[in-house]
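K.L.:
Following this message is one structure expressed as structure tokens.
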2 protein chains.
Amino acid sequence: MTEPAYVAVDWGTSSFRLWLVDRAGRVLAERRSDEGMLVAAKAGFPGVLQSHLAAVDAPAHLPVLVCGMAGAKTGWVEAGYVDTPAPLSAVLRRAARVPDEARDIRILPGIAQRDLKAPDVMRGEETQLLGALGLDAAGEALVCMPGTHSKWVRVKNGVVEHFATFMTGELFSVVSRETILALAVAGAGEAEDVASFKAAVTAAFEAPAFAANLLFTARSRQLLFGSTPAAARETLSGTLIGAELAAGLSGTVLKVGITLIASGRLAALYRQAFDALSVHVNSIDADEAVRRGLSMAAAAIWTK
Amino acid sequence: MTEPAYVAVDWGTSSFRLWLVDRAGRVLAERRSDEGMLVAAKAGFPGVLQSHLAAVDAPAHLPVLVCGMAGAKTGWVEAGYVDTPAPLSAVLRRAARVPDEARDIRILPGIAQRDLKAPDVMRGEETQLLGALGLDAAGEALVCMPGTHSKWVRVKNGVVEHFATFMTGELFSVVSRETILALAVAGAGEAEDVASFKAAVTAAFEAPAFAANLLFTARSRQLLFGSTPAAARETLSGTLIGAELAAGLSGTVLKVGITLIASGRLAALYRQAFDALSVHVNSIDADEAVRRGLSMAAAAIWTK
């Protein structure tokens, strides 16, 4: 087994992931837990990190590179933001050192868009972008990063020029659980209904202003036509994703390659959505992207 | 004091209103309570109604006309629907008689749009339409009825041709209370910020696909520019209403008169929104409209 060179940590709002990585970027050990920022802010960030470092037998001198919400004002150490237009190379140059720790621990900054008409922030996604696109990718890319708060990002020659956050995942969660539509969705279980999903994506993409109406049709269609709870759930999901795609793809020159960075079920769902619109995307695994981004940043910081 | 001729009841999901009305349509007495369908379904509809009838000393022979969710499948007696294209005159002809009651009690049906692409239902709003437009209004009207579930209705020569429900009010409620944006809105109190509201209405009207992004700017603008909780709340409210107006007004020939049926704070809010878009509306009070609609229907049913 090769020697570990550094530790990479993706510390989000509600999840913690750690990788022990060698000089060539190979993963020697991995840890996952739900000790995200919200839990660690109470339990203490140093203790949570130390318990996972001990579990993978990380040597005491081994440096640690962190990305994500641990660098927020409400996190461990505020790592600030690089402002747009933001070179991805600036993100790794501006890592904040955690004070009063014997070990060299640094947290990557986020990216801020200080535009009063379109203010926006990201923290964690910049590291996925680094891993997916590399430091000095020539040309333009439009990147879709779905999630609780989906990000759509325009990157040109390694510089994040513009981005927008859509509350798609969180809206799906509250609409399907906390509104009258919870009745329509109840009992849907794991049943799939790809046809209903694609129909909703297309309808919302074509008339996104009607999103708040298309959501309600999930209930009306059940009342008047007896459609299933699974169809209702897919209508909600497809409507919200279809409206997001209408905005994200608006004004897009279709020669620009579209990159989807996502994992698991979310990746499959968004691939279906793009497919419903006959839009081609390059798909990159989000877990893989963040690990690769952290490794690249760590190599640049510590392997001079 | 004149003799009462009938009792009019607007029985919604969460509210109950009753008026004792004379032959000329004048209100002799009024009752309001929160014993809506949800409460009455447990407490029992006959008992709730009887307690209010007793409180206004309604004579035992006096007939009662009800509109709203009391006529839903989950209500007192299912009053069915008139299907679109739905003449408002058919609504009052098809009132359902409550069985096993000595008193003549009837419940007005709702309206259903049995279109698989745009299924929709209303129950209660048809009575407001009757009161606001009358039975045989010539010409076309586009009617906006804001609320938990806003309705936009096209009426031509007394016939409801098409309508759409938007979950605007309910979305505002869950987004401002159950998402990360609750943090941005906390402490807003009753403070107003008309400029933020109108700016959000305009932004969402111009780019409704971006609604789920514009909502998130309420938080980003606070993080990056220190804007107030009141500004955040108005951004949420303005974004959702602006997107609704974009859909409701889409394809509208502006020669068609637009009628706003709303009461109180909601009426003021929507007038501000139309004002931000320089769209003229005729405003009608919703309480007044439903009472007048019930009186017209009662007169037609019992004063032959």
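K.L.:
Report the trypsin sites (Lys or Arg not before Pro) located in segment A:30-134 that are in a DSSP loop and have at most 16 other Cβ atoms inside 10 Å of their Cβ, or state none.
P.N.:
Loop-located and lightly packed - A:Lys73, A:Arg94, A:Arg114, A:Lys117.
K.L.:
Can you run phi through the Karplus equation (6.51, -1.76, 1.60; θ = phi - 60°) for segment B:143-154 and list ³J(HN,Hα) in whole Hz, with x for Gly and Pro?
P.N.:
10, 10, 10, x, x, 3, 10, 5, 10, 10, 10, 9
K.L.:
Kindly rank B:164-176, B:13-25, B:209-221 from highest to lowest mean number of other beta carbons found within 10 Å of each residue.
P.N.:
The densest-packed peptide leads the list: B:209-221, B:164-176, B:13-25.
K.L.:
Residue by residue, what Karplus-based ³J(HN,Hα) values in Hz, rounded to whole numbers, does segment B:54-61 have, using 6.51, -1.76 and 1.60 with θ = phi - 60° and x for Gly and Pro?
P.N.:
Per-residue couplings from phi come out as 5, 5, 9, 6, 5, x, 5, 8 Hz.
K.L.:
Separate question: Report, largest value first, the span of the C-alpha coordinates of segment A:69-181 along each principal axis, in whole Å.
P.N.:
Rounded to whole Å, the extents work out to 53, 39, 28 Å.
K.L.:
Quick one: length gained pulling A:Val159 to A:Ser173 fully straight, 0.36 nm per residue minus the C-alpha distance?
P.N.:
Stretched fully, the A:Val159-A:Ser173 segment lengthens by 1.8 nm.
K.L.:
If you don't mind, another one. In whole Å, what is the distance between the alpha-carbon centres of segment B:240-304 and segment A:81-132?
P.N.:
49 Å
K.L.:
State the antiparallel share, in %, of DSSP beta bridges confined to chain A, rounding to the nearest 5.
P.N.:
If I count the DSSP bridges inside chain A, around 65 percent turn out antiparallel.
K.L.:
Amide H of A:Val160: which non-local residues (sequence gap of 5 or more, or other chain) have their own amide H closer than 5 Å, using H built in the peptide plane?
P.N.:
Residues meeting the amide H criterion: A:Ala86, A:Leu88.
K.L.:
Using a 10 Å cut-off around each Cβ of peptide B:257-267, what is the average number of partner chain Cβ atoms that fall inside?
P.N.:
Counting Cβ atoms of other protein chains within 10 Å of each residue's Cβ and averaging gives 0.
K.L.:
How big is the charge dipole of segment B:52-159 about its Cα centre, in debye rounded to the nearest 20, if each Lys and Arg gets +1 on its Cβ and each Asp and Glu gets -1 on its Cβ?
P.N.:
Computed about the Cα centre, the dipole is about 240 debye.
K.L.:
What translational D, rounded to a whole number of µm²/s, comes out for segment B:221-304 from Stokes-Einstein when the hydrodynamic radius is the Kirkwood one over Cα pairs, at 20 °C and 1.002 mPa s?
P.N.:
Value of D from the Cα-based Kirkwood radius: 138 µm²/s.
K.L.:
Run the simple label-point estimate for B:Ala29 and B:Glu78 please: 7 Å along Cα→C-beta, distance reported in nm.
P.N.:
The modelled label-to-label distance comes out at 3.5 nm.
K.L.:
On to the next question. Can you list the equivalent-ellipsoid semi-axes of chain B, largest first and in whole Å, using the square root of 5 times each Cα gyration tensor eigenvalue?
P.N.:
37, 22, 17
K.L.:
Now for a separate question. Which cross-chain or sequence-distant (5 or more) residues have an amide H under 5 Å from the amide H of B:Ile105, H modelled 1.01 Å from N in plane?
P.N.:
B:Val64, B:Val98
K.L.:
Further question on the same structure: Per residue Cα convex hull volume for the protein assembly as shown, in cubic angstrom?
P.N.:
So the per-residue Cα hull volume is 167 Å³.
K.L.:
Compute the relative contact order of chain A as a whole-number percentage, counting only Cα pairs closer than 8 Å that sit 6 or more residues apart in sequence.
P.N.:
Relative contact order, chain A: 16 percent.
K.L.:
Hey, any idea what Rg/Rh is for segment A:168-284, computing Rh the Kirkwood way over Cα pairs?
P.N.:
0.98
K.L.:
What is the mean number of Cβ atoms from other protein chains located within 10 Å of the Cβ atom of each residue in peptide A:174-181, rounded to a whole number?
P.N.:
Mean shielding by partner chains, rounded to a whole number: 5.
K.L.:
Would you mind checking segment B:274-289 for residues with the amide N under 12 Å from a putative spin-label position 7 Å along Cα→C-beta of B:Ser15?
P.N.:
In segment B:274-289, the label zone of B:Ser15 (backbone N under 12 Å from the point 7 Å along Cα→Cβ) covers B:286-289.
K.L.:
I would also like to ask the following. Calculate one ³J(HN,Hα) per residue across segment A:158-174 by plugging θ = phi - 60° into the Karplus curve 6.51 cos²θ - 1.76 cosθ + 1.60, and present them in order as whole Hz with x for glycine and proline.
P.N.:
The phi angles translate into x, 10, 6, 8, 7, 8, 9, 9, 10, 7, 3, x, 5, 4, 4, 4, 6 Hz.
K.L.:
Still on this structure: From other protein chains only, count the Cβ atoms within 10 Å of every residue's Cβ in A:158-164, then give the mean.
P.N.:
1
K.L.:
Still on this structure: Quick one: pull the percentage of alpha-carbon pairs in segment A:209-253 with a separation above 14 Å.
P.N.:
52 percent
K.L.:
Between the helical axis of A:286-302 and the dominant principal axis of chain A, each derived from Cα atoms, what acute angle in degrees is found, rounded to the nearest 10?
P.N.:
Approximately 20 degrees, to the nearest 10.
Taken together, the values in this text are just the output of simple stated rules run on the coordinates, not laboratory data. All values reported here derive from a predicted model rather than from experimental measurement. Because the Cβ atoms are built from the backbone with ideal geometry, glycine has one as well, and the counts that use them run over all protein chains shown.
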